[in-house]
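Notes follow once the structure below has been shown.
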Amino acid sequence: QVQLVESGGGLVQPGGSLRLSCAASESIFSIYIMGWYRQAPGKERELVARITSSGRTVYADSVKGRCTISRDNAKNTVHLQMNSLKPEDTAVYHCNAGLGPVEYWGQGTQVTVSS
């Protein structure tokens, strides 16, 4: 059972930055597609960004140019650097590890963008 633990959320003013981190418990992390999803109150969970084991990335249109996903396979971690944050980025951000039909989710970290 892979465990994912997120950190780095918090309260930030509009225009600010946050760096989210996700630590995986297993060394098989390196072969999984890692992603960040978010869920705002009353809305469905949506993809923010994901990165393959080889480093290919995909971003939601809403965060392109503002967010960067990266991974360190040696440390079993994935990061999401978020810049120019907007109030509409407020959500619980979840880390995801997927490989075919198998996937794991972290508990999530709250990001609140407010003045």
Between residue 74 and residue 62, with labels modelled 7 Å along Cα→Cβ, what's the label distance in nm to one decimal, could you check? 3.6 nm
Extended-chain gain in nm, criterion 0.36 nm per residue less alpha-carbon gap, residue 52 and residue 40: 1.8 nm
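Check each of the GluC sites (Glu not before Pro) in segment 40-115 and keep only those in coil by DSSP with at most 14 other C-beta atoms within 10 angstrom; list them in order.
Loop-located and lightly packed - 44.
At 1.4 Å probe size, with every protein chain present, just tell me what the per residue accessible area of the chain comes to in Å².
Numbers: 6190 Å² over 115 residues.
Per residue, the chain has 54 Å² of solvent-accessible surface.
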Pop a pseudo-label 7 angstrom from the Cα along the beta-carbon direction at both residue 31 and residue 114 and give the gap in nm to one decimal. 4.4 nm
What ³J(HN,Hα) values, in whole Hz, does the Karplus curve 6.51 cos²θ - 1.76 cosθ + 1.60 give for segment 39-52 when θ = phi - 60°, with x put for Gly and Pro? 9, 8, x, x, 10, 7, 5, 9, 5, 9, 6, 9, 9, 7
Partner lysines for residue 75 [C-alpha distance under 16 Å; skip if fewer than 8 residues away on the same chain]: none
Using a 1.4 Å probe on the protein chains only, how many percent of the accessible area of segment 1-100 belongs to carbon and sulfur? 48 percent
Go through the chain and flag any cysteine with no other cysteine's C-beta closer than 4.7 Å, please. 67
List the lysines whose Cα lies under 19 Å from the Cα of residue 43, skipping any in the same chain that are fewer than 8 positions away. 86
Beta bridges by DSSP in segment 1-110, antiparallel share as percent, to the nearest 5: 100 percent
Which whole-number percent is the relative contact order of the chain (Cα, under 8 Å, 6+ apart)? 37 percent
Within the chain, which is the longest segment containing none of the trypsin sites (Lys or Arg not before Pro) that sit in a DSSP loop and have at most 11 other Cβ atoms within 10 Å? 1-42
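The values are calculated or read from the model by the stated rules, or taken from the named source; none is laboratory data. All values derive from a computational prediction rather than experimental measurement. Please note: Cβ atoms are built from the backbone with ideal geometry, for glycine as well, and neighbour counts cover all protein chains shown. With ligands, DNA and RNA removed, areas are computed over all heavy atoms of the protein, side chains included. Shrake-Rupley method; radii C 1.70, N 1.55, O 1.52, S 1.80 Å.
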